[in-house]
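The values are calculated or read from the model by the stated rules, or taken from the named source; none is laboratory data. Treat the numbers as computed from the prediction; the structure is a model and nothing was measured. Backbone-built Cβ (ideal geometry, glycine too); neighbour counts: all protein chains shown.
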Amino acid sequence: MSDLPREFVLFFLFVLGLCIGSFLNVCIHRFPAKRRLRDQLWALTSHSSGCPRCSSSIRWHDNVPLLGWLLLRGRCRSCRLSISVRYPLVELLTAVLFVVLYQCEMPLDFRGGVSTGGLQSSVGPQAAFPQSSVEVWLHVRYGLHVAMLCCLIVATFIDLELWIIPDGSTVPLMLFSVLVHTLSGQCWIVPLWFQDASVASTLRAVLPESVSWLMFSWDGLSFATAYPHVHGFLVSVAGLIAGGGIVWLVRVIGAFVLRREAMGFGDVVLMAMIGSVLGWQPVLVVFFAAPMLAIGVALLSLVLRRRDEIPYGPWLSLAALLLLVLWNSVWPMAERIFDMGPFLLLMGAAMTVMLYATLHLMQLVRRMLGVGIAAEVSVSEDDGIPMIYPGERSDPAAGLWDRSMWSGVRSGQGLSAVHRWRHGGRD
(Lines give C-alpha, C1' and ligand atoms only; values in the text may rest on other atoms or scores of the structure.)
Protein backbone atom coordinates (compact mmCIF):
# COMPACT_ATOMS: atom_id res chain seq x y z
CA MET A 1 0.00 0.00 0.00
CA SER A 2 2.96 2.34 0.47
CA ASP A 3 3.53 2.40 -3.32
CA LEU A 4 -0.07 3.37 -4.13
CA PRO A 5 -1.31 6.98 -4.38
CA ARG A 6 -2.27 8.29 -0.96
CA GLU A 7 -5.74 9.33 -2.11
CA PHE A 8 -6.50 5.84 -3.41
CA VAL A 9 -5.35 4.23 -0.16
CA LEU A 10 -7.54 6.55 1.94
CA PHE A 11 -10.58 5.91 -0.28
CA PHE A 12 -10.01 2.16 -0.05
CA LEU A 13 -9.73 2.37 3.74
CA PHE A 14 -12.93 4.44 3.93
CA VAL A 15 -14.90 1.84 1.96
CA LEU A 16 -13.33 -0.97 3.98
CA GLY A 17 -14.28 0.84 7.18
CA LEU A 18 -17.90 1.10 6.04
CA CYS A 19 -18.04 -2.66 5.40
CA ILE A 20 -16.41 -3.53 8.73
CA GLY A 21 -18.69 -1.03 10.49
CA SER A 22 -21.66 -3.00 9.14
CA PHE A 23 -20.22 -6.12 10.79
CA LEU A 24 -19.66 -4.21 14.03
CA ASN A 25 -23.38 -3.41 14.09
CA VAL A 26 -24.06 -7.14 14.11
CA CYS A 27 -21.69 -7.54 17.06
CA ILE A 28 -23.33 -4.68 18.95
CA HIS A 29 -26.78 -6.20 18.40
CA ARG A 30 -25.99 -9.86 19.16
CA PHE A 31 -23.28 -9.88 21.84
CA PRO A 32 -25.45 -8.64 24.75
CA ALA A 33 -28.00 -11.42 24.18
CA LYS A 34 -25.46 -14.06 25.22
CA ARG A 35 -23.55 -14.42 28.46
CA ARG A 36 -20.66 -16.73 27.55
CA LEU A 37 -17.88 -15.82 25.14
CA ARG A 38 -18.41 -18.93 23.05
CA ASP A 39 -22.10 -18.18 22.60
CA GLN A 40 -21.38 -14.56 21.69
CA LEU A 41 -18.97 -15.56 18.93
CA TRP A 42 -21.29 -18.31 17.69
CA ALA A 43 -24.18 -15.83 17.50
CA LEU A 44 -22.33 -13.92 14.76
CA THR A 45 -22.84 -16.78 12.29
CA SER A 46 -25.90 -18.53 13.75
CA HIS A 47 -28.45 -16.79 11.50
CA SER A 48 -28.76 -14.10 8.88
CA SER A 49 -29.88 -10.56 9.65
CA GLY A 50 -33.56 -9.68 9.36
CA CYS A 51 -36.29 -7.39 10.61
CA PRO A 52 -37.19 -8.08 14.27
CA ARG A 53 -40.90 -7.37 13.57
CA CYS A 54 -41.72 -9.08 10.27
CA SER A 55 -38.66 -11.39 10.13
CA SER A 56 -38.09 -10.53 6.47
CA SER A 57 -34.52 -11.01 5.27
CA ILE A 58 -32.53 -7.96 4.28
CA ARG A 59 -31.99 -7.72 0.54
CA TRP A 60 -28.43 -7.42 -0.67
CA HIS A 61 -28.87 -3.89 -2.03
CA ASP A 62 -30.49 -2.79 1.25
CA ASN A 63 -27.48 -4.14 3.11
CA VAL A 64 -24.99 -1.81 1.40
CA PRO A 65 -23.29 0.09 4.24
CA LEU A 66 -24.58 3.62 4.81
CA LEU A 67 -26.31 3.85 1.40
CA GLY A 68 -28.79 1.09 2.25
CA TRP A 69 -30.07 2.95 5.31
CA LEU A 70 -30.29 6.23 3.39
CA LEU A 71 -32.22 4.69 0.47
CA LEU A 72 -34.64 3.00 2.87
CA ARG A 73 -34.99 6.29 4.76
CA GLY A 74 -34.33 4.46 8.00
CA ARG A 75 -37.27 2.03 7.74
CA CYS A 76 -37.81 -1.65 6.95
CA ARG A 77 -38.80 -2.19 3.33
CA SER A 78 -41.58 -4.64 4.29
CA CYS A 79 -43.22 -3.42 7.51
CA ARG A 80 -41.78 0.12 7.71
CA LEU A 81 -40.35 -0.47 11.16
CA SER A 82 -37.94 2.30 12.10
CA ILE A 83 -34.24 1.34 11.86
CA SER A 84 -32.01 2.94 14.46
CA VAL A 85 -29.68 5.72 13.31
CA ARG A 86 -26.98 3.87 15.22
CA TYR A 87 -26.39 1.60 12.22
CA PRO A 88 -25.19 4.25 9.74
CA LEU A 89 -23.48 6.12 12.58
CA VAL A 90 -21.32 3.12 13.47
CA GLU A 91 -20.48 2.49 9.82
CA LEU A 92 -19.51 6.11 9.19
CA LEU A 93 -17.55 6.36 12.44
CA THR A 94 -15.57 3.22 11.63
CA ALA A 95 -14.76 4.45 8.13
CA VAL A 96 -13.62 7.86 9.35
CA LEU A 97 -11.42 6.36 12.08
CA PHE A 98 -9.77 4.02 9.56
CA VAL A 99 -8.73 7.05 7.52
CA VAL A 100 -7.78 9.28 10.46
CA LEU A 101 -5.64 6.63 12.11
CA TYR A 102 -3.83 5.90 8.85
CA GLN A 103 -3.05 9.57 8.42
CA CYS A 104 -1.77 9.79 12.01
CA GLU A 105 0.36 6.66 11.97
CA MET A 106 1.77 6.42 8.47
CA PRO A 107 4.66 8.60 7.22
CA LEU A 108 4.05 10.90 4.31
CA ASP A 109 7.12 9.42 2.64
CA PHE A 110 7.99 5.82 3.50
CA ARG A 111 11.46 6.22 2.00
CA GLY A 112 12.19 8.84 4.65
CA GLY A 113 11.41 6.41 7.46
CA VAL A 114 9.12 7.04 10.41
CA SER A 115 10.63 10.48 10.96
CA THR A 116 8.18 11.94 8.41
CA GLY A 117 5.14 10.85 10.41
CA GLY A 118 3.80 7.93 12.38
CA LEU A 119 3.84 7.36 16.12
CA GLN A 120 7.09 9.14 16.93
CA SER A 121 9.24 7.73 19.72
CA SER A 122 13.00 7.94 20.18
CA VAL A 123 12.93 4.39 21.55
CA GLY A 124 10.55 2.94 18.95
CA PRO A 125 11.13 -0.13 16.74
CA GLN A 126 13.15 1.95 14.29
CA ALA A 127 15.80 2.40 16.99
CA ALA A 128 16.07 -1.34 17.67
CA PHE A 129 15.76 -2.45 14.04
CA PRO A 130 17.19 0.34 11.84
CA GLN A 131 17.69 -2.01 8.87
CA SER A 132 14.19 -3.53 8.90
CA SER A 133 11.49 -2.80 6.35
CA VAL A 134 9.56 0.16 7.71
CA GLU A 135 6.53 -0.44 5.47
CA VAL A 136 5.95 -3.94 6.83
CA TRP A 137 5.94 -3.38 10.58
CA LEU A 138 4.14 -0.02 10.31
CA HIS A 139 1.23 -1.62 8.44
CA VAL A 140 1.11 -4.61 10.77
CA ARG A 141 0.99 -2.27 13.75
CA TYR A 142 -1.66 -0.13 12.04
CA GLY A 143 -3.77 -3.22 11.42
CA LEU A 144 -3.54 -4.17 15.10
CA HIS A 145 -4.53 -0.67 16.19
CA VAL A 146 -7.46 -0.64 13.76
CA ALA A 147 -8.65 -3.97 15.19
CA MET A 148 -8.48 -2.41 18.66
CA LEU A 149 -10.57 0.56 17.51
CA CYS A 150 -13.21 -1.82 16.15
CA CYS A 151 -13.43 -3.57 19.50
CA LEU A 152 -13.60 -0.23 21.29
CA ILE A 153 -16.52 0.85 19.09
CA VAL A 154 -18.44 -2.34 19.90
CA ALA A 155 -17.70 -2.04 23.63
CA THR A 156 -18.60 1.66 23.69
CA PHE A 157 -22.03 1.40 22.08
CA ILE A 158 -23.01 -1.60 24.19
CA ASP A 159 -21.79 0.03 27.38
CA LEU A 160 -23.63 3.28 26.63
CA GLU A 161 -26.91 1.43 26.19
CA LEU A 162 -26.72 -1.49 28.62
CA TRP A 163 -23.83 -0.67 30.99
CA ILE A 164 -22.05 -3.92 30.20
CA ILE A 165 -18.99 -4.85 28.13
CA PRO A 166 -19.31 -8.39 26.71
CA ASP A 167 -16.20 -10.55 26.51
CA GLY A 168 -16.74 -10.95 22.78
CA SER A 169 -15.63 -7.35 22.27
CA THR A 170 -12.39 -7.70 24.24
CA VAL A 171 -11.06 -11.20 24.90
CA PRO A 172 -10.52 -12.41 21.29
CA LEU A 173 -8.43 -9.37 20.35
CA MET A 174 -6.52 -9.54 23.62
CA LEU A 175 -5.33 -13.06 22.81
CA PHE A 176 -4.77 -12.19 19.14
CA SER A 177 -2.67 -9.18 20.13
CA VAL A 178 -0.32 -11.29 22.22
CA LEU A 179 0.11 -13.63 19.26
CA VAL A 180 0.78 -10.83 16.76
CA HIS A 181 3.26 -9.08 19.06
CA THR A 182 5.09 -12.37 19.55
CA LEU A 183 5.28 -13.30 15.87
CA SER A 184 6.13 -9.82 14.62
CA GLY A 185 8.43 -8.58 17.35
CA GLN A 186 8.10 -5.00 16.02
CA CYS A 187 4.48 -3.98 16.72
CA TRP A 188 5.25 -2.12 19.92
CA ILE A 189 5.29 1.66 20.19
CA VAL A 190 7.74 1.86 23.09
CA PRO A 191 9.86 -1.01 24.42
CA LEU A 192 9.23 -3.06 27.51
CA TRP A 193 11.54 -0.82 29.53
CA PHE A 194 13.34 2.47 29.03
CA GLN A 195 14.72 4.98 31.50
CA ASP A 196 17.14 7.84 32.00
CA ALA A 197 20.16 6.21 33.65
CA SER A 198 21.17 9.49 35.29
CA VAL A 199 17.86 9.60 37.20
CA ALA A 200 18.47 6.14 38.67
CA SER A 201 22.04 6.98 39.71
CA THR A 202 20.95 10.25 41.33
CA LEU A 203 18.13 8.62 43.28
CA ARG A 204 20.39 5.76 44.30
CA ALA A 205 22.67 8.25 46.04
CA VAL A 206 19.82 10.11 47.76
CA LEU A 207 17.44 7.39 48.88
CA PRO A 208 18.00 5.23 51.99
CA GLU A 209 19.84 1.96 51.53
CA SER A 210 16.65 0.01 52.24
CA VAL A 211 15.14 1.18 48.93
CA SER A 212 18.14 2.44 46.96
CA TRP A 213 18.74 -1.04 45.54
CA LEU A 214 15.49 -0.66 43.61
CA MET A 215 17.05 2.05 41.45
CA PHE A 216 18.45 -0.34 38.85
CA SER A 217 19.36 0.44 35.23
CA TRP A 218 18.45 -1.77 32.28
CA ASP A 219 18.56 -1.17 28.53
CA GLY A 220 15.36 -2.53 27.04
CA LEU A 221 16.32 -1.69 23.46
CA SER A 222 19.31 -4.02 23.45
CA PHE A 223 17.07 -6.81 24.77
CA ALA A 224 14.51 -6.07 22.03
CA THR A 225 17.23 -6.29 19.39
CA ALA A 226 18.65 -9.56 20.71
CA TYR A 227 15.31 -11.29 21.43
CA PRO A 228 12.62 -9.56 19.30
CA HIS A 229 9.92 -12.22 19.64
CA VAL A 230 10.37 -12.68 23.38
CA HIS A 231 10.38 -8.92 23.80
CA GLY A 232 7.20 -8.56 21.74
CA PHE A 233 5.48 -11.20 23.88
CA LEU A 234 6.57 -9.49 27.10
CA VAL A 235 5.44 -6.05 25.89
CA SER A 236 1.94 -7.34 25.17
CA VAL A 237 1.62 -9.40 28.34
CA ALA A 238 2.99 -6.59 30.52
CA GLY A 239 0.43 -4.21 29.00
CA LEU A 240 -2.33 -6.74 29.58
CA ILE A 241 -1.37 -7.12 33.24
CA ALA A 242 -0.84 -3.40 33.83
CA GLY A 243 -4.06 -2.32 32.13
CA GLY A 244 -6.27 -4.90 33.76
CA GLY A 245 -4.40 -4.81 37.06
CA ILE A 246 -4.69 -1.10 37.73
CA VAL A 247 -8.46 -1.09 37.09
CA TRP A 248 -8.87 -4.23 39.19
CA LEU A 249 -6.95 -2.54 42.02
CA VAL A 250 -9.27 0.49 41.88
CA ARG A 251 -12.22 -1.89 41.78
CA VAL A 252 -11.09 -3.73 44.90
CA ILE A 253 -10.19 -0.61 46.91
CA GLY A 254 -13.39 1.16 45.88
CA ALA A 255 -15.55 -1.83 46.79
CA PHE A 256 -13.84 -2.13 50.19
CA VAL A 257 -14.17 1.55 51.12
CA LEU A 258 -17.40 2.56 49.39
CA ARG A 259 -19.20 -0.75 49.96
CA ARG A 260 -20.34 -0.70 46.35
CA GLU A 261 -18.92 -1.53 42.95
CA ALA A 262 -16.52 1.23 41.90
CA MET A 263 -15.77 -0.14 38.42
CA GLY A 264 -17.25 -3.05 36.54
CA PHE A 265 -15.24 -6.14 35.66
CA GLY A 266 -15.90 -5.38 32.01
CA ASP A 267 -13.72 -2.28 32.41
CA VAL A 268 -10.96 -4.50 33.79
CA VAL A 269 -10.99 -6.72 30.70
CA LEU A 270 -11.32 -3.72 28.39
CA MET A 271 -8.18 -2.10 29.81
CA ALA A 272 -6.36 -5.43 29.65
CA MET A 273 -7.20 -5.58 25.94
CA ILE A 274 -5.99 -2.01 25.36
CA GLY A 275 -2.79 -2.76 27.27
CA SER A 276 -2.11 -5.92 25.26
CA VAL A 277 -2.14 -3.78 22.10
CA LEU A 278 -0.38 -0.60 23.25
CA GLY A 279 1.93 -1.79 26.04
CA TRP A 280 2.03 -0.98 29.73
CA GLN A 281 3.32 2.60 29.53
CA PRO A 282 0.68 3.88 27.05
CA VAL A 283 -2.14 2.06 28.85
CA LEU A 284 -1.24 3.85 32.08
CA VAL A 285 -1.52 7.15 30.20
CA VAL A 286 -4.97 6.02 29.01
CA PHE A 287 -6.01 5.19 32.57
CA PHE A 288 -5.10 8.63 33.93
CA ALA A 289 -6.49 10.51 30.91
CA ALA A 290 -9.94 8.88 30.98
CA PRO A 291 -11.13 10.56 34.23
CA MET A 292 -10.26 13.99 32.83
CA LEU A 293 -12.48 13.26 29.83
CA ALA A 294 -15.34 11.85 31.92
CA ILE A 295 -15.44 14.38 34.78
CA GLY A 296 -17.67 16.86 32.93
CA VAL A 297 -20.26 14.26 31.97
CA ALA A 298 -20.18 12.80 35.50
CA LEU A 299 -20.94 16.21 37.02
CA LEU A 300 -23.79 16.82 34.57
CA SER A 301 -25.25 13.40 35.36
CA LEU A 302 -25.05 14.16 39.08
CA VAL A 303 -26.69 17.58 38.76
CA LEU A 304 -29.31 16.90 36.10
CA ARG A 305 -30.18 13.24 36.68
CA ARG A 306 -29.16 12.83 40.35
CA ARG A 307 -27.01 9.83 39.40
CA ASP A 308 -23.46 9.43 40.59
CA GLU A 309 -22.69 6.64 38.12
CA ILE A 310 -21.80 6.73 34.43
CA PRO A 311 -20.63 4.00 32.04
CA TYR A 312 -16.83 4.27 32.12
CA GLY A 313 -15.92 2.06 29.16
CA PRO A 314 -16.62 4.77 26.54
CA TRP A 315 -14.20 7.15 28.25
CA LEU A 316 -11.46 4.55 28.42
CA SER A 317 -12.03 3.92 24.72
CA LEU A 318 -11.95 7.63 23.89
CA ALA A 319 -8.74 8.09 25.86
CA ALA A 320 -7.10 5.23 23.94
CA LEU A 321 -8.20 6.73 20.61
CA LEU A 322 -6.96 10.21 21.51
CA LEU A 323 -3.63 8.81 22.66
CA LEU A 324 -3.04 7.32 19.21
CA VAL A 325 -4.27 10.39 17.33
CA LEU A 326 -2.44 12.93 19.53
CA TRP A 327 0.57 10.74 20.28
CA ASN A 328 3.20 13.17 19.03
CA SER A 329 1.80 15.88 21.33
CA VAL A 330 0.97 13.79 24.41
CA TRP A 331 3.84 11.33 24.58
CA PRO A 332 6.76 13.78 25.02
CA MET A 333 5.19 14.87 28.32
CA ALA A 334 4.45 11.33 29.48
CA GLU A 335 7.90 10.09 28.43
CA ARG A 336 9.55 12.28 31.08
CA ILE A 337 7.66 10.41 33.79
CA PHE A 338 8.59 6.96 32.49
CA ASP A 339 12.22 8.08 32.18
CA MET A 340 12.35 7.87 35.98
CA GLY A 341 12.49 4.10 35.64
CA PRO A 342 12.17 2.11 38.87
CA PHE A 343 11.14 5.22 40.81
CA LEU A 344 7.73 4.63 39.23
CA LEU A 345 7.30 1.67 41.59
CA LEU A 346 7.53 3.97 44.62
CA MET A 347 5.20 6.47 42.94
CA GLY A 348 2.66 3.72 42.26
CA ALA A 349 2.71 2.59 45.91
CA ALA A 350 2.26 6.17 47.11
CA MET A 351 -0.65 6.79 44.72
CA THR A 352 -2.38 3.61 45.89
CA VAL A 353 -2.23 4.83 49.49
CA MET A 354 -3.50 8.24 48.37
CA LEU A 355 -6.43 6.63 46.58
CA TYR A 356 -7.39 4.68 49.69
CA ALA A 357 -7.14 7.79 51.87
CA THR A 358 -9.08 9.94 49.39
CA LEU A 359 -11.99 7.50 49.23
CA HIS A 360 -12.15 7.40 53.03
CA LEU A 361 -12.12 11.21 53.09
CA MET A 362 -14.97 11.29 50.58
CA GLN A 363 -17.02 8.99 52.80
CA LEU A 364 -16.32 11.21 55.79
CA VAL A 365 -17.42 14.32 53.92
CA ARG A 366 -20.61 12.59 52.79
CA ARG A 367 -21.43 11.71 56.39
CA MET A 368 -20.75 15.26 57.54
CA LEU A 369 -23.03 16.63 54.82
CA GLY A 370 -25.74 14.16 55.71
CA VAL A 371 -25.56 12.38 52.38
CA GLY A 372 -26.60 8.72 52.62
CA ILE A 373 -23.84 6.12 52.49
CA ALA A 374 -24.45 2.98 50.49
CA ALA A 375 -25.32 0.06 52.70
CA GLU A 376 -23.15 -3.00 52.73
CA VAL A 377 -23.93 -5.46 50.01
CA SER A 378 -23.43 -9.15 49.66
CA VAL A 379 -20.05 -10.30 48.43
CA SER A 380 -19.67 -12.59 45.46
CA GLU A 381 -17.89 -15.86 46.19
CA ASP A 382 -16.13 -15.64 42.81
CA ASP A 383 -13.87 -12.65 43.37
CA GLY A 384 -14.81 -11.16 46.72
CA ILE A 385 -16.17 -7.99 45.08
CA PRO A 386 -19.66 -6.65 45.75
CA MET A 387 -21.61 -7.23 42.56
CA ILE A 388 -24.04 -4.37 41.88
CA TYR A 389 -25.01 -3.31 38.40
CA PRO A 390 -26.86 -0.18 37.35
CA GLY A 391 -30.58 -0.77 37.45
CA GLU A 392 -30.23 -4.03 39.39
CA ARG A 393 -33.00 -4.66 41.94
CA SER A 394 -32.37 -6.64 45.09
CA ASP A 395 -36.14 -7.24 45.33
CA PRO A 396 -37.37 -9.07 42.20
CA ALA A 397 -40.88 -7.64 42.76
CA ALA A 398 -39.67 -4.04 43.09
CA GLY A 399 -41.33 -1.79 40.54
CA LEU A 400 -43.72 -4.55 39.41
CA TRP A 401 -47.51 -4.66 39.76
CA ASP A 402 -48.67 -6.87 42.61
CA ARG A 403 -50.78 -9.46 40.82
CA SER A 404 -52.69 -10.23 44.05
CA MET A 405 -54.38 -6.82 43.62
CA TRP A 406 -55.65 -7.65 40.14
CA SER A 407 -59.41 -8.18 40.03
CA GLY A 408 -59.00 -11.22 37.78
CA VAL A 409 -57.31 -13.11 40.62
CA ARG A 410 -60.26 -12.45 42.94
CA SER A 411 -62.71 -13.46 40.23
CA GLY A 412 -60.96 -16.78 39.87
CA GLN A 413 -61.25 -17.29 43.61
CA GLY A 414 -64.95 -16.34 43.71
CA LEU A 415 -64.26 -13.32 45.93
CA SER A 416 -64.97 -10.42 43.58
CA ALA A 417 -68.53 -9.83 44.87
CA VAL A 418 -67.37 -9.74 48.51
CA HIS A 419 -64.53 -7.34 47.60
CA ARG A 420 -66.90 -4.93 45.82
CA TRP A 421 -69.30 -5.00 48.77
CA ARG A 422 -66.53 -4.23 51.29
CA HIS A 423 -64.74 -1.58 49.24
CA GLY A 424 -67.66 0.20 47.71
CA GLY A 425 -67.46 -1.30 44.23
CA ARG A 426 -63.75 -0.52 43.73
CA ASP A 427 -61.68 -3.28 42.14
Within region 102-127, restricting to residues that are touching a Pro at 6+ places or on another chain (Cβ under 7 Å) and aliphatic (A, V, I, L, M), the one that is nearest to residue 338 (Cα to Cα) is 123
Tell me which residues, restricted to region 15-28, are in contact (Cβ under 8 Å) with a residue 24 or more places away in the chain and under 23 Å from the mean Cα position of the chain (by Cα). 16, 17, 18, 19, 20, 21, 22, 24, 25, 27, 28
Give the residues of region 124-155 that are under 26 Å from the mean Cα position of the chain (by Cα) and not in a helix (DSSP H, G or I), sorted by residue number. 124
Check on residue 262, among the aliphatic types (A, V, I, L, M) and either assigned to a helix (DSSP H, G or I) or not assigned by TED's automatic domain parsing to the domain that holds residue 125 (or both): no
Within the bounds of region 287-297, is there any residue that is in contact with a Lys or Arg (Cβ under 9 Å, 6 or more places away or on another chain) and closer than 22 Å to residue 362 by Cβ? no
Going through region 248-265 one residue at a time, which ones are modelled with pLDDT of 85 or more and touching an Asp or Glu at 6+ places or on another chain (Cβ under 7 Å)? 255
List every residue pair whose Cβ atoms lie under 9 Å apart, where the two residues are 6 or more positions apart in sequence or sit on different chains, the first residue falls within region 338-349 and is in the same structural domain as residue 218 (by TED's automatic domain parsing), and the second residue, located anywhere, is among the aromatic types (Phe, Trp, Tyr) and assigned to a helix (DSSP H, G or I). 344/338
Would you say residue 132 is at pLDDT 95 or above and among the polar types (S, T, N, Q)? no
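On the given criteria, is residue 248 more than 14 Å from residue 171 (Cβ to Cβ), free of Cβ contacts under 8 Å to residues at least 40 places away in the same chain and buried (at least 17 other Cβ atoms within 10 Å of the Cβ)?
Answer is yes for this residue.
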Condition met for residue 12 (within 30 Å of residue 137 (Cα to Cα) and without any contact (Cβ under 8 Å) to a residue 40 or more places away in the chain): yes
Has region 75-84 got any residue that is more than 30 Å from residue 138 (Cβ to Cβ), among the hydroxyl-bearing types (Ser, Thr, Tyr) and touching a Cys at 6+ places or on another chain (Cβ under 6 Å)? yes
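Hey, does region 34-54 have a residue that's among the hydrophobic types (A, V, I, L, M, F, W, C) and at pLDDT below 85?
yes
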Is one or more of the residues making up region 230-252 outside the structural domain of residue 33 (by TED's automatic domain parsing) and over 25 Å from the mean Cα position of the chain (by Cα)? yes
Looking at residue 157, is it free of Cβ contacts under 8 Å to residues at least 40 places away in the same chain and within 22 Å of residue 101 (Cβ to Cβ)? no
Scanning region 284-340 for residues that are surrounded by 13 or more Cβ atoms within 10 Å (Cβ to Cβ) and assigned to a loop (DSSP other than H, G, I, E, B), the one modelled with the lowest pLDDT turns out to be 309
Answer with yes or no whether residue 158 is at pLDDT below 95 and touching a Phe, Trp or Tyr at 6+ places or on another chain (Cβ under 9 Å). no
